[in-house]
Amino acid sequence: MFSNMLSDSNFQDEVFPYQKFSSSQSFEMEPFSDFEQNCHLSINTNEGSQFQDAEDRETMFKIKEDDTSLNALNQEQMKRKQKIWNDEEDSRLKYLFVEFSGKWNEIAKHMPQRNASQCQQRWRRINPPKDSRHIWKQEEDDKLKQLVQDIGKQWMKIAKCFGNITGKQVRDRYINKLDQSINKQPWTYEEDMLILDQYNIYGPKWTKISNQLKGRPENHVKNRFYSYIKRNFLGEQNRYQIIYS
């Protein structure tokens, strides 16, 4: 019986010799390729998946970084491609502005590769708004007072006598500075309360409010409200103060 068992053991050694070769000791001595190493790590531990996740994150970060750089480059190229206005376009724009009375949608139809917004912005650049404030001289004030005595408060007609002043400028100058009926006395508490009460009813309708105050022009009423009443009775700070020259 013992001999039979021995013979069976010898038989197994001869028939299945690969078991010795495939033992864990002999297999671990074989060098791993990169692919085999990753597979081995992923099977036995989670080190392989962590390594792969880190590599994927690095790759995705690189892609996003490249996309950001590419977008910035494209935007810069688009800016460089914007066509610069030339003298011919400026002349054409000036002509069309008069022809269509400043209607930018109509003007843009006759300006190739330009939209209404671009035309409007260009017009403002080549035609900056002029300062409409007029510095009055003493002789002009004297002339204005005499004209009012002669022809009355016909502001447009008076303005033509100056040539470079509008009817509104003439009216404001006389009403707020030269009119002899202007009350130049300090403001009273009753006047302040009247202005505040009327403002709460009508809002900033200064002409209507000034008509209820003898000798207080509309611009004086407005200045009084923003410089004093609003701060002292409404608790609001004055953001600006209109100063009449």
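Read-outs throughout are calculated quantities, based only on the coordinates presented, and are distinct from any laboratory measurement. Note that this is a predicted model, so its numbers are computed, not measured.
Observations
- Whether the range 170-221 is rounded, prolate or oblate, judged on the alpha carbon gyration tensor where a/c under 1.5 counts as rounded: oblate
- Cα-based shape type of the range 75-229, given that a ≥ b ≥ c are square roots of the gyration tensor eigenvalues and the cut on a/c is 1.5: prolate
- Compared with the direct C-alpha span, the chain from Ile135 to Asp192 gains 17.5 nm at full extension, assuming 0.36 nm per residue.
- For the range 109-172: rounded, prolate or oblate by the Cα gyration tensor [a/c cutoff 1.5]: prolate
- Taking 31 Å as the limit for the C-alpha separation, the pairs Lys160/Lys230; Lys94/Lys168; Lys103/Lys137 exceed it in the case of Lys160/Lys230; Lys103/Lys137.
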